[in-house]
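Beneath this line is the structure, given in structure tokens, with notes to follow.
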Amino acid sequence: MDYRELGRTGVKVSALCLGTMTWGEQNTESEGHAQMDMALDHGINFFDTSEMYAVPPKPQTQGATERIIGSWFKARGKRDKVILATKVAGRSPMTWLRADGAPTDQTAKQIAEAVDGSLKRLNTDHIDLYQLHWPDRLTALFGATGLTDRRLDAPSVPIEDILGALETHVKAGKIRHVGLSNETAWGTMEFLHHSKARGLPRVQSIQNAYSLVNRVFELGLAEIAHREQVGLLAYSPLAQGYLTGKYQKGAMPEGSRKKLFNRLQRYERPQTEPAIDRYLAIAQQFGLDPAQMALQFVTTRPFVTSTIIGATTMEQLKTNIESVQIKWTEALEKAIDEAHHAQPNPAP
């Protein structure tokens, strides 16, 4: 397993990060524990979660994933072996995350409540990387496209105030480092600007979607990631399972997220299926598992700090972990590049 520096922190995290959002919904507590055991045994020292998880978000399962991680820490006594990342919700109409029933935002009050809630559920006294799950301001998110002046001018907490709120918890020792998620190039640079100008905590990472069918990160954010050392923590590297081929030609596997929740429209645009067919053909041509090829593509990008993998079975997790063993050749890179230029970013 390769280890890479998290931003400018000096902290080394594994090139693969264990994603956890299915725990408490599709996976039981014992299954979550087994996944953490396997991940740690294979050199993964980086776990990612959120106050909002399990997914899909709902009152009945909110916080369940963090509680499963917390019970594993208590049972195994291995908190010191893990770089732990979690997230605070951005502005949304969800009313069940806060005690007073308020919709979520990133005011100092809500951030304080979220930090303390996560620490309690996680059974720990500190969070290594605390991320803003999505911006407090309204912007195009999760595959949406197009912005209007009305949306751009909607109320939001100023970025300097958000950083100031996070600074309180950094100084208190509750948070070690801070990061972004689902953020834009403008937002990332604003966070960096206010950090430098005001002596506030510096963002060390950005967790955005990135995969063979969604390479929009390369259009602006990749240069920021490289020059400012705000590395990408890439989520949905398998396009929520589509790059494994399991949904091609209308297939609907039992137990899959599509079958259970019907939430994957981001990857169902008309041009997406033929693009995926091409990547599946490349995997076959090179004798590779398509999931492992898709994961290793992400992991080998120079601006990626860690690729977030998720699984609902131990077999899937083993396959994902073994993706780091694939040798990435010039011929494979050329084939991937040709496919990308033939149909760029079909599922942004």
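The values are calculated or read from the model by the stated rules, or taken from the named source; none is laboratory data. As the structure is a computational prediction, the values presented were derived from the model and not from experiment. Ideal geometry is used to build each Cβ from the backbone, glycine not excepted, and the neighbour counts take in all protein chains shown.
So, in segment 80-99, how many residues would count as being in contact with a helix residue (DSSP H, G or I) (Cβ under 9 Å, 6 or more places away or on another chain), crowded, with 18+ Cβ neighbours inside 10 Å and not in a loop (DSSP other than H, G, I, E, B)?
4
Which of the residues belonging to segment 105-124 are part of a loop (DSSP other than H, G, I, E, B), out of contact with any strand residue (DSSP E or B) (no Cβ under 8 Å at 6 or more places or on another chain) and closer than 15 Å to residue 157 by Cβ?
Result: 105, 107.
Do the conditions hold for residue 248, that is, is it on the phi < 0 side of the Ramachandran plot and under 21 Å from the mean Cα position of the chain (by Cα)?
Against the criterion (on the phi < 0 side of the Ramachandran plot and under 21 Å from the mean Cα position of the chain (by Cα)), residue 248 does not qualify.
Select from segment 253-267 the residues that are free of Cβ contacts under 8 Å to residues at least 40 places away in the same chain, surrounded by fewer than 17 Cβ atoms within 10 Å (Cβ to Cβ) and part of a helix (DSSP H, G or I) and list them in ascending order.
Passing the criteria: only 259.
Write out, first by first residue and then by second, each pair whose Cβ atoms fall under 7 Å of each other, whose residues are 6+ apart or on separate chains, and whose first residue, in segment 274-291, is under 13 Å from residue 336 (Cβ atoms) while the second is modelled with pLDDT of 95 or more and charged (D, E, K, R).
If the second residue must be modelled with pLDDT of 95 or more and charged (D, E, K, R), the pairs left are 283/289.
Give just the number: which of (1) in a loop (DSSP other than H, G, I, E, B); (2) modelled with pLDDT under 95 does residue 151 not satisfy?
With respect to (1) in a loop (DSSP other than H, G, I, E, B); (2) modelled with pLDDT under 95, residue 151 is out only on (1).
Just for segment 286-300: of the residues that are outside any helix (DSSP H, G or I) and not acidic (Asp, Glu), which one is nearest to the chain's Cα centre (by Cα)?
Among residues in segment 286-300 that are outside any helix (DSSP H, G or I) and not acidic (Asp, Glu), the one nearest to the chain's Cα centre (by Cα) is 300.
Listed here are the residues, each with its yes/no results for (1) surrounded by fewer than 18 Cβ atoms within 10 Å (Cβ to Cβ); (2) among the aromatic types (Phe, Trp, Tyr); (3) free of Cβ contacts under 8 Å to residues at least 60 places away in the same chain.
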residue	(1), (2), (3)
18	no, no, no
26	no, no, no
37	yes, no, yes
41	yes, no, yes
45	no, no, yes
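With respect to the numbered conditions (1) at pLDDT below 95; (2) surrounded by 17 or more Cβ atoms within 10 Å (Cβ to Cβ); (3) not hydroxyl-bearing (Ser, Thr, Tyr), which one is the sole condition not fulfilled by residue 214?
(1)
List pairs: first in segment 151-175 and under 17 Å from residue 199 (Cα atoms), second aliphatic (A, V, I, L, M) and part of a helix (DSSP H, G or I), Cβ under 6 Å, 6+ apart or cross-chain?
Going by the 6 Å Cβ cut-off, the qualifying pairs are 165/108; 165/111; 169/115.
Pairs only if they're at least six apart or on different chains, beta carbon under 6 angstrom, first in segment 330-348 and in a helix (DSSP H, G or I), second at pLDDT 95 or above and basic (Lys, Arg); list them, first residue then second.
339/278
Considering only residues that are assigned to a helix (DSSP H, G or I) and of a type in the set (Gly, Ala, Ser), which ones fall in segment 24-59?
The answer is 30, 32, 34, 39.
Look at segment 301-329 and say how many of its residues are charged (D, E, K, R) and outside any helix (DSSP H, G or I).
Selection size over segment 301-329: 2.
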